[in-house]
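Some notes on the structure that comes next.
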Amino acid sequence: MCGVVGYIGPRQAAAILLDGLRRMEYRGYDSAGIAVLNGTGVKVHKAAGKLANLEREVSDNLPSGTVGIGHTRWATHGAPNTPNAHPHTDQSGRIALIHNGIIENAGAIRKALLQRGHTFTSETDTEVLAHLVGELYQGDLEEAVAAALREVDGAYGIAVISSDEPDLLVAARNGSPLIVGIGENERFVASDASPLLEHTRSVVYLDDGEMVILTRDGYRVRDLEVKDIDKPVNQIDWDLATIERGGFEHFMLKEICEQPESLANTLRGHLLEEEGTARVSGLNMTDDELVAVERIIITACGTSWHSALIGEYMIEELARVPVEVEYASEFRYRNPVVNERTLVIGISQSGETADTLAALREARRRGARTIGLVNVVGSTIAREVDGGTYLHAGPEVGVASTKAFTSQVAALALLTLRLGRLRNLSILQGRQFIQALTALPAQIEQILAKTDEVKVLAERFFTGNHALYLGRGVNFPAALEGALKLKEISYIHAEGYPAAEMKHGPIALIDENMPVVFIAPRDAVHSKIVSNIEEVKARGGKVLAICSEDDSEIERLADATFTIPQTLDLLTPILAIVPLQLLSYYVAVRRGCNVDQPRNLAKSVTVE
Ligand code: M6R
């Protein structure tokens, strides 16, 4: 999704802005631009496509000035071309504005502005907002922005500058994240922390409905009326090294390889082996409150939705609490049956996904208690839920989620233990679950040591444009996740299915050109999945099986196997997904795809 960055201070702004945009590339974008106050006016540079195009355009002629804004655009209103790229200016050309989000009543405002003589150079809702600010400007940018925002409906994270007030930068948020960075005589604003880290660790998280007025040596937060708001200053503990590639060719590969450590970090400090349970103090719920939960709804999008499905299997099996898993985008517009005995869990890597945030807000409005399993510290979901736990997986930069997924499943395992031990789970079962969880990081190391095997399989199996991923029980969601990984970064059409469902339709697709990936560890449904492999082989399909060590039956049937260590049935997705992540990665690399920034995708989907 769009990336917003702004700077005001003693240094030249353009280089800082370009560097900030580079750090936000992972969010996904299709054009970029900057605007700098150069002493006489606003100097705007924009270019369609990758940031390198913009850098080429400004390389000989970097605009001079110490106040500026920069933007990477992920197209919503209008094609991804240069005129639609941000920043946009008002009618006078003296105010420049960047925007992440969607102004829903932009059509009506545009019409009214056209009638009053405005002319537009783009198809965007953002230019409409810039013109509205310009029309309301009477020598006070702060007031003009507040007045304009009072007229708009929709989501925005904006930053605005004016050549008439060269010592000011105004930003505001409603529905799209914004963070203020506080440096030595300089201030920043950005969509996330990544552009700020090399300059400062002191940040202020803006909430919806808030504006910030930045000067070189100060800042003030207010609402859209007149009220000033006191905000705490937070310290970010991620350092720059953790958001850099550290010798890996891609962030995705780095993040896949980080999983032994990220998983250990998710579990660290939570496991109470002696008592066979987990401590999840961030839930902010007493034992009595946890026991009173009658039903759980887990809501999320994409990969996080897949981990939610695994959570459903774990919680129902070990804690015996009924669980439903809902796409957040569906939940938010349904009329769900939710009450104060319903626990609604939102799962999100970014903590900013618009649909997940809205679903949690709706659940709360209906009286449910909400908790979040979130990776990004200080993100909106993390701040709005009643409780929860951070994943501590570290920053995930690759658009394809990898380490966040395994950490989400681990966090759900912690929750399962906590809920289970307050109900029927015995201390021995609890201890056994903890021992299996504790063994996972080393088991992932074992899998990663066989990366070269996966490379060969990627060469051998994925030569066409389609693939099928099949699993049963708790590995059905793992099959969904494996298929999603392949399609999003290699653009190969891949489908995940419960293996037994194959004969109700997808079996028609099976022939010698269709690679079928089975997740078939030695578990409670092993004999069933062996039958499903037989069905595929009988139709000439090519089978790649992710299976347990020494499984001669599957080795005999499958065209190729990749073995994973033995663990408890419920935890197998954490191991099975690792070779599938690597497989997608190597297929995408071989096809020459942009692994970390796949086409059309955004890391953090902050519009619905
Ligand atoms: O930040 P979130 O976990 O809320 O993001 C949800 C999805 O947008 C995300 O998982 C998406 O599906 C990824 N591209 C998957 O790799």
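The values are calculated or read from the model by the stated rules, or taken from the named source; none is laboratory data. Small disclaimer: the values here were computed from a predicted structure and weren't measured. Here the Cβ is made from the backbone with ideal geometry for all residues, glycine too, and neighbour counts use every protein chain on show.
Below is a table of values for the structure above.
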quantity: Glu289 being more than 16 Å from the ligand (Cβ to nearest atom) and touching a residue at least 40 places away in the same chain (Cβ under 8 Å); calculated: yes
quantity: Given (1) within 16 Å of the ligand (Cβ to nearest atom); (2) in contact with a Cys (Cβ under 9 Å, 6 or more places away or on another chain); (3) hydrophobic (A, V, I, L, M, F, W, C); (4) not in a loop (DSSP other than H, G, I, E, B), number of the condition Phe562 does not satisfy; calculated: (1)
quantity: Total residues in the range 253-271, condition closer than 28 Å to Leu419 by Cβ and out of contact with any strand residue (DSSP E or B) (no Cβ under 7 Å at 6 or more places or on another chain); calculated: 11
quantity: Test result for Tyr313, farther than 20 Å from Asn100 by Cβ and either hydrophobic (A, V, I, L, M, F, W, C) or within 13 Å of the ligand (Cβ to nearest atom) (or both); calculated: no
quantity: Test: residue in the range 192-204 that is under 19 Å from Leu97 (Cα atoms), touching a Ser or Thr at 6+ places or on another chain (Cβ under 8 Å) and buried (at least 18 other Cβ atoms within 10 Å of the Cβ); calculated: yes
quantity: Lone unmet requirement of (1) modelled with pLDDT of 95 or more; (2) over 30 Å from Leu437 (Cα atoms); (3) not polar (S, T, N, Q) for Gly541; calculated: (1)
quantity: Test: residue in the range 395-404 that is away from the ligand (no atom under 16 Å from the Cβ) and either in a helix (DSSP H, G or I) or of a type outside the set (Ser, Thr, Tyr) (or both); calculated: no
quantity: Candidate set from the range 509-560 (those that are hydroxyl-bearing (Ser, Thr, Tyr) and more than 21 Å from Ala483 (Cα to Cα)); member that is surrounded by the most Cβ atoms within 10 Å (Cβ to Cβ); calculated: Ser531
quantity: Filter result for Val409 (assigned by TED's automatic domain parsing to the domain that holds Asp288 and surrounded by fewer than 24 Cβ atoms within 10 Å (Cβ to Cβ)); calculated: no
quantity: Counted residues, the range 39-63 - those being surrounded by 14 or more Cβ atoms within 10 Å (Cβ to Cβ) and of a type in the set (S, T, N, Q); calculated: 1
quantity: Residues of the range 327-353 classified as away from the ligand (no atom under 14 Å from the Cβ) and either aromatic (Phe, Trp, Tyr) or in contact (Cβ under 8 Å) with a residue 24 or more places away in the chain (or both), total; calculated: 9
quantity: The range 471-508, subset crowded, with 24+ Cβ neighbours inside 10 Å and of a type in the set (Val, Ile, Thr), residue nearest to the ligand (Cβ to nearest atom); calculated: Ile489
quantity: Tally of residues being closer than 26 Å to Leu480 by Cβ, hydrophobic (A, V, I, L, M, F, W, C) and either over 21 Å from the mean Cα position of the chain (by Cα) or buried (at least 22 other Cβ atoms within 10 Å of the Cβ) (or both) across the range 254-277; calculated: 2
quantity: Cβ-Cβ under 8 Å pairs, at least 6 apart or on other chains, the range 389-409 side more than 17 Å from Leu582 (Cβ to Cβ), far side within 8 Å of the ligand (Cβ to nearest atom) and charged (D, E, K, R); calculated: Val397/Lys603
quantity: Meets criteria (closer than 21 Å to Glu135 by Cβ, surrounded by fewer than 17 Cβ atoms within 10 Å (Cβ to Cβ) and either within 19 Å of the chain's Cα centre (by Cα) or not polar (S, T, N, Q) (or both)) for Glu184; calculated: no
quantity: Candidate set: the range 1-19, residues that are of a type in the set (Val, Ile, Thr) and under 20 Å from Val399 (Cβ atoms); chosen: the one surrounded by the most Cβ atoms within 10 Å (Cβ to Cβ); calculated: Val4
quantity: Enumeration of residues in the range 358-382 that are more than 19 Å from Ile243 (Cβ to Cβ) and within 9 Å of the ligand (Cβ to nearest atom); calculated: Ile381
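Let's see how each residue does on (1) touching a Gly at 6+ places or on another chain (Cβ under 8 Å); (2) acidic (Asp, Glu); (3) in a loop (DSSP other than H, G, I, E, B); (4) surrounded by fewer than 19 Cβ atoms within 10 Å (Cβ to Cβ):
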position	(1), (2), (3), (4)
Leu571	no, no, no, no
Leu575	no, no, no, no
Val578	no, no, no, no
Ser584	yes, no, no, no
Ala588	no, no, no, no
Leu601	yes, no, yes, yes
Thr606	yes, no, yes, no
